[in-house]
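Worksheet for the structure shown next.
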Amino acid sequence: MKTEISLDIQAQPNDETCGATCLHALYRFYGVENLTLQQLIPEITRLPSGGTLAEVLACHALERGFDATIYTYHLQMFDPSWFASDGEVHDPDNVIFRLREQIKLKRKPDARLKAATRAFVKFLEMGGQLKLEDLTPRLISHYLSEGVPIITGLSSTFLYRESRELSPANIPDDVRGEPQGHFVMLVGYDSERREVLVADPLDENPPFYTNKYRLDIDRLVNAILLGAFTHDANLLIITPRDTERESSPKRKEAPARPPAKERGTSFAKPKHKPVTKPVTKPAAKAERAKRARRAAPEPDT
């Protein structure tokens, strides 16, 4: 089965605006015409080290009335035990608490982790959905078959097979350089050839030299997972607000898996009062039965 979403994407103006350019293309796909890329870029929070984060893009979409879901594969940020058995977060307040505690307790958290924590806290407070599921072709093709484009943060170093770079000038240096992150959009999937259609705001990009190209699904999945080095490693799903979901009564959510006890942090455990049943001694039971037989009327002869 072959799926292809008709979506136009502009070329990013500089090395730090790939995220904003992808978000702008998605807005236009959903019919937002009163916002230019030049107007959008200043509205997207820029990190001190350059670029932005998927959770920042998601917050902007939430503020404009869209729904936003992030599938994360960033284990430096999230512990798997924070998610329920179905891969969802059913207690956002609990995750917000743990994100804040993590920053307090971890030794020398870097500036990017701090910025990502603030953005994720805001994302969850605004009603964003956070999930942890296996990154499979089926997950990706599910959204694409429904006509929903995907923004993904990944490792451009792995995707392009390019040299690592020295930031912030992005100077190629295979020895001193660091892996670099990037945002692209997924807009199609060919199940027979196992290829994803990528819309890339970096034009011209090595080694594809076009803003749309087909990529082996395995290479894409690896590039996404390796994005954890740059606080990427995610899928961002943005869709028009589901008003029906908002108006319907809230269903009872499944409880999250209890996390392992954290060092330096105590979490009170609920106290359960043991339920005991009265124990009848055999001798007393036999005595009551004997009295009952004596009191019973004798049968007529």
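Please treat every number below as a calculation from the coordinates, not as lab data. Here the structure is a predicted model, which means the values were calculated and not measured. Reconstructed Cβ throughout: ideal geometry from the backbone, glycine too, with neighbour counts over all protein chains shown.
Table for the structure above
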| quantity | calculated |
| --- | --- |
| Cut-off under 5 Å, modelled amide H: who pairs with Ile150 long-range | Leu186 |
| Dimensionless Rg over Rh [region 2-247; C-alpha; Kirkwood] | 0.94 |
| Placed amide H near Ala233: partners under 5 Å, 5+ positions off or other chain | Gly153, Leu154, Gly227, Ala228 |
| Straight-distance crosslink candidates among aspartates and glutamates, where the alpha carbon sits under 17 Å from Lys114 and sequence neighbours closer than 8 are dropped | Glu55, Asp79, Glu101, Glu125, Asp232 |
| Dipole axis of region 2-247 (+1 Lys, Arg; -1 Asp, Glu on Cβ), positive-most option in Ser163, Tyr71, Cys18 | Ser163 |
